[in-house]
Protein chains: 2
Amino acid sequence: MIRFFVSTQDIQGDIITLTEENLNHAKVLRLKVNEQVLVCDGDGLECLCKVSQIFDDEIILTVSERRSSVSEAKIKASVYIAFPKSDKLEHIIQKATELGAYEIVAFPAARCITKIDAKSSVKKLQRWQKIAHSAAEQSGRGVIPKVRLLSSYAEALKDASKSDLAILFYENEKATTLSMALKEKDFTSISILTGSEGGFEESEVAKAINEGFKICTLGNRILRCETAPLCALSAIMYEAGEF
Amino acid sequence: MIRFFVSTQDIQGDIITLTEENLNHAKVLRLKVNEQVLVCDGDGLECLCKVSQIFDDEIILTVSERRSSVSEAKIKASVYIAFPKSDKLEHIIQKATELGAYEIVAFPAARCITKIDAKSSVKKLQRWQKIAHSAAEQSGRGVIPKVRLLSSYAEALKDASKSDLAILFYENEKATTLSMALKEKDFTSISILTGSEGGFEESEVAKAINEGFKICTLGNRILRCETAPLCALSAIMYEAGEF
């Protein structure tokens, strides 16, 4: 079923209005009167609706059933990514959303080649949030993961360490596996940090240890920077009993 | 360390010759005399080598140490993919290689939009094998996964069912998770089948059941056809103790 995310002000009792991008999307999909659609408030509420009226500038839906979204993961997994080159971050945002990430947070690290200045960051964040939005619609999620941008590595460590479990993946770590870290303690929130193309510097790893991070390996093969977070997230969701 | 895959005839005792594509690659990387490189025979043997002589048409290496590759997974995971559209298969081949797949097998299914005729298949296979080759080099593998192409769904089922465990992922399966299937029996080889954009038809799922397949869900979120096999492969490698 087609799924739309609307803002709370578009929901008025049992009437929901599709406007702007949702309206355009609905027109592209040639939505018809009486067709059933799902509308999410992006915060876990799902409304089963029927299209009642189609106007040029809005589409009116009537709610027939309200329910909690069943597609959200039981754990909150925050995915922290050191800026990769070009369009890799967009790929990660799309896939991490499908895989059930709670949020995606980009940050600079010593070996990042890409720099994001304050000027371009607003536009980039809008674009990234849009990618998460579409991926959430397509994958049937009840919540759109928030995409955030932090200005320093120190900030990323501090932010990520608020989770029950914070893990940094390091290619030179050989002993501690993700499995060991996940099985050591119960968690309902988890943060994972992965590096950009060049990985992390030793001093960065030391700082993470100081902040209480577990340093883990993802195995004997070298994963690209866009593969590592998605591999880890898949395994975490598996371990958490999602599939 | 830079890694090359050579064919067995390029290894003559303790002398290894880099020619053709390896030669080009070495020149792009500006390989220097006395530099250390790793050479794999693509079958699990790794030779630590030193560059001894650089000629226009070949580069001569001397083997200083021979060892078994440590980067191969303990289980053999075969990834069967119903043809997806455009470049998605190439993406899957690259990532599945990084994630440790033993082989990647493409096949047609009822809802596949892409058709591959015998004429174009030779060229396509060469291209796909090259992608697996590069990804194996980059990820430090000791074996290049074979990329194969089957001509029918029935053939794919028959082929995949030779593994200790054969799993088909189906979006309408709600009860049996991957975790249940993996924990039910010991396996050293596993085949996973995932659909193209449109998924599998019910009749196809029934045929798989007849061939002894387990039908599993990958959770409550709808994964794109290029995400599903990589998510499953990550979880399988995790369950198998790879990381």
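The values are calculated or read from the model by the stated rules, or taken from the named source; none is laboratory data. Computed from a prediction, not measured in an experiment: that's the story for all the values here. Positions of Cβ are generated from backbone atoms using ideal geometry, with glycine treated the same way; all protein chains shown enter the neighbour counts. Heavy atoms of the whole protein, side chains included, go into the accessibility calculation; ligands, DNA and RNA do not. Shrake-Rupley method; radii C 1.70, N 1.55, O 1.52, S 1.80 Å.
Data for the structure
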item	result
Segment B:1-32 - residue that is farther than 10 Å from B:L61 by Cα and acidic (D, E) and, of those, least open to solvent (accessible area, probe 1.4 Å)	B:D10
Search result, residues across segment A:58-111 that are closer than 24 Å to A:Q126 by Cβ and hydroxyl-bearing (S, T, Y)	A:S78, A:Y80, A:S86, A:T97, A:Y102
Members of segment A:13-32 that are assigned to a helix (DSSP H, G or I) and not basic (K, R)	A:E20, A:E21, A:N22, A:L23, A:N24, A:H25, A:A26, A:V28
Some residue of segment B:100-114 being of a type in the set (S, T, Y), in contact with a Lys or Arg (Cβ under 6 Å, 6 or more places away or on another chain) and more than 14 Å from every other protein chain (Cβ to nearest Cβ)	yes
Condition met for B:D159 (in contact with a strand residue (DSSP E or B) (Cβ under 8 Å, 6 or more places away or on another chain) and either of a type in the set (D, E, K, R) or at negative phi (or both))	yes
Residues that are under 18 Å from B:S234 (Cα atoms), in contact with a strand residue (DSSP E or B) (Cβ under 9 Å, 6 or more places away or on another chain) and hydrophobic (A, V, I, L, M, F, W, C), drawn from segment B:71-105	B:I75, B:A77, B:V79, B:I81, B:L89, B:I92, B:I93, B:A96, B:L99, B:A101, B:I104, B:V105
Boolean, A:I104 is touching a helix residue (DSSP H, G or I) at 6+ places or on another chain (Cβ under 8 Å), open to solvent by less than 10 Å² (accessible area, probe 1.4 Å), assigned to a strand (DSSP E or B) and modelled with pLDDT of 95 or more	yes
Residues (of a type in the set (K, R) and closer than 19 Å to B:L157 by Cβ) located in segment B:69-114	B:K76, B:R111
Entirely in segment B:33-88, the strands (runs of 3 or more DSSP E) that have 1 or more residues that are modelled with pLDDT under 95 and open to solvent by less than 50 Å² (accessible area, probe 1.4 Å)	B:36-40, B:45-54
Tally of residues being open to solvent by 30 Å² or more (accessible area, probe 1.4 Å), without any contact (Cβ under 8 Å) to a residue 40 or more places away in the chain, among the hydrophobic types (A, V, I, L, M, F, W, C) and within 8 Å of chain A (Cβ to nearest Cβ) across segment B:184-243	1
A:L178, sole failed condition from (1) surrounded by fewer than 21 Cβ atoms within 10 Å (Cβ to Cβ); (2) within 14 Å of chain B (Cβ to nearest Cβ); (3) not charged (D, E, K, R)	(1)
Subset of segment A:174-206 [of a type in the set (D, E, K, R) and within 18 Å of B:M237 (Cα to Cα)]	A:K174, A:K183
Residues (within 13 Å of chain A (Cβ to nearest Cβ), open to solvent by 10 Å² or more (accessible area, probe 1.4 Å) and not aliphatic (A, V, I, L, M)) located in segment B:141-171	B:F169, B:Y170, B:E171
Residue pairs meeting the criteria (Cβ under 7 Å; at least 6 apart or on separate chains; first more than 19 Å from B:E65 (Cα to Cα), in segment B:24-50; second in a loop (DSSP other than H, G, I, E, B))	B:L29/B:I2
Failed criterion for B:Q129 (all others in (1) within 14 Å of chain A (Cβ to nearest Cβ); (2) assigned to a helix (DSSP H, G or I) hold)	(1)
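One line per residue, one yes/no per condition, for (1) farther than 21 Å from B:L193 by Cα; (2) out of contact with any Pro (no Cβ under 8 Å at 6 or more places or on another chain); (3) not aliphatic (A, V, I, L, M):
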residue: B:L61; (1), (2), (3): yes, yes, no
residue: B:S71; (1), (2), (3): yes, yes, yes
residue: B:A77; (1), (2), (3): no, yes, no
residue: B:H91; (1), (2), (3): no, yes, yes
residue: B:K95; (1), (2), (3): no, yes, yes
residue: B:E98; (1), (2), (3): no, yes, yes
residue: B:E103; (1), (2), (3): no, no, yes
